[in-house]
1. (1) within 25 Å of the chain's Cα centre (by Cα); (2) under 18 Å from Val212 (Cβ atoms); (3) in a loop (DSSP other than H, G, I, E, B): which one isn't true of Trp166, the others all being true?
2. Before we move on, is His147 more than 9 Å from the ligand (Cβ to nearest atom) and either surrounded by 13 or more Cβ atoms within 10 Å (Cβ to Cβ) or of a type in the set (Lys, Arg) (or both)?
3. Spot the failing condition for Pro169; the list is (1) in contact with a strand residue (DSSP E or B) (Cβ under 9 Å, 6 or more places away or on another chain); (2) in contact (Cβ under 8 Å) with a residue 60 or more places away in the chain, and only one is missed.
4. For the range 117-154, which positions are under 13 Å from Trp166 (Cα atoms) and in contact with a helix residue (DSSP H, G or I) (Cβ under 7 Å, 6 or more places away or on another chain)?
5. Within the range 121-132, can you find the residues that are touching a residue at least 12 places away in the same chain (Cβ under 8 Å) and within 12 Å of the ligand (Cβ to nearest atom)?
6. So, Met118, is that one without any contact (Cβ under 8 Å) to a residue 40 or more places away in the chain and within 14 Å of the ligand (Cβ to nearest atom) or not?
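Here, each number is a calculation from the coordinates, and none is a lab measurement. The structure presented is a predicted model; accordingly, all values stated were derived computationally and were not measured. As a convention, Cβ positions derive from the backbone with ideal geometry for all residues, glycine included, and neighbour counts pool all protein chains shown.
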Amino acid sequence: MSSGPKRQSDFLLWKLPRGFFYVAILMTCVALIPPALIIRARSTPRDSRRIHLIQNMDNQPKYKGQQQNILFKDGRSMRQPVPGTVARDQMIGDTHFHLGTVDGAYSTTYPSQVSLDMDLLERGRERYMIYCLPCHGVTGEGDGLVHQRAMKLLNLSADINNGTTWVQPKNLHEEAIIDQPVGQIFYTISNGKNNMAGYASQIDVADRWAIVAYVQALQVAGDASDESVSGADSLPERRIKMEDDLEGADGGNDGEGGQS
Ligand code: HEC
């Protein structure tokens, strides 16, 4: 009997009690439940937040815009600013200095904070060179490098004819600009005009007034008579050219873009 070939039941494993297999299968099945649940939770979309054991600072107690807040009588979590609150850029107590207006009209005078002297003009010249010259040009005739470059590009692409247009920076020596009250120049620098962007965010209030003063100085200089300039006759073509331009082409600027 024991000399025959080994039967299956001779292997050690098969000799274990039956119950052992049932328990092992059961335990394997039970052990698969948690991973199955995790996979399911990760793969099915749901509205509730997922379980987030280590919070760090991801979730903090706070009220959001339209949430209810029983702390206040009206039940809103969004509160009105305290009456009389003035945001920093709403500071309009002194409109003359900050907006260039007096009683709702452009001021014709400089505000008291600004003292018209050489220092102011120097500062204005420096700021003008940085912020205005690229478009309006050294003398304010609207012929800055940006303009020259734009004209070059326009000419280059003339045959493409893709509808590109260019508005020339204003010639600041135009009569309409010379006649503007100082407050209006200040306003233009602050808020821009038509195609020109405003510079309030880049140039602070006092510097904007300094630029206004320098623009006026440019205008005066551009309009100066020969007698007011010592040795004017020694100056070559420049003046003669300007005079020709002014006579010939009413200021050399198309004046498009509407005055408003
Ligand atoms: C990026 C180019 C550009 C820069 C920089 C620029 N301007 Fe202008 N400016 C223009 C253009 C373009 C116009 C004409 C706008 C229009 O009428 O569409 C203009 C118009 C003006 C006018 C006339 C506004 C009016 O009432 O018609 C004044 C004044 C002026 N600029 C002053 C300045 C001063 C001062 C600076 C520097 C702080 C400056 N600009 C910087 C492009 C520029």
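1. The one condition Trp166 does not meet is (2).
2. Values: more than 9 Å from the ligand (Cβ to nearest atom): no; either surrounded by 13 or more Cβ atoms within 10 Å (Cβ to Cβ) or of a type in the set (Lys, Arg) (or both): yes.
It is false that His147 is more than 9 Å from the ligand (Cβ to nearest atom) and either surrounded by 13 or more Cβ atoms within 10 Å (Cβ to Cβ) or of a type in the set (Lys, Arg) (or both).
3. Among (1) in contact with a strand residue (DSSP E or B) (Cβ under 9 Å, 6 or more places away or on another chain); (2) in contact (Cβ under 8 Å) with a residue 60 or more places away in the chain, the lone unmet condition for Pro169 is (2).
4. Of everything in the range 117-154, those that are under 13 Å from Trp166 (Cα atoms) and in contact with a helix residue (DSSP H, G or I) (Cβ under 7 Å, 6 or more places away or on another chain) turn out to be Cys135, Gly142, Val146, His147.
5. At the first step, the residues of the range 121-132 found to be touching a residue at least 12 places away in the same chain (Cβ under 8 Å) are 121, 123-125, 127-128, 131-132.
Within the range 121-132, Gly124, Arg125, Arg127, Tyr128, Tyr131, Cys132 qualify.
6. Working: without any contact (Cβ under 8 Å) to a residue 40 or more places away in the chain: yes; within 14 Å of the ligand (Cβ to nearest atom): no.
Against the criterion (without any contact (Cβ under 8 Å) to a residue 40 or more places away in the chain and within 14 Å of the ligand (Cβ to nearest atom)), Met118 does not qualify.
Yes or no, residue by residue, for (1) surrounded by fewer than 12 Cβ atoms within 10 Å (Cβ to Cβ); (2) within 27 Å of Asn195 (Cβ to Cβ); (3) among the hydrophobic types (A, V, I, L, M, F, W, C):
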site	(1), (2), (3)
Arg79	yes, no, no
Ala105	yes, yes, yes
Thr108	yes, yes, no
Ser112	yes, no, no
Asp117	yes, no, no
Leu121	no, no, yes
Tyr131	no, yes, no
Pro134	no, yes, no
Gly137	no, yes, no
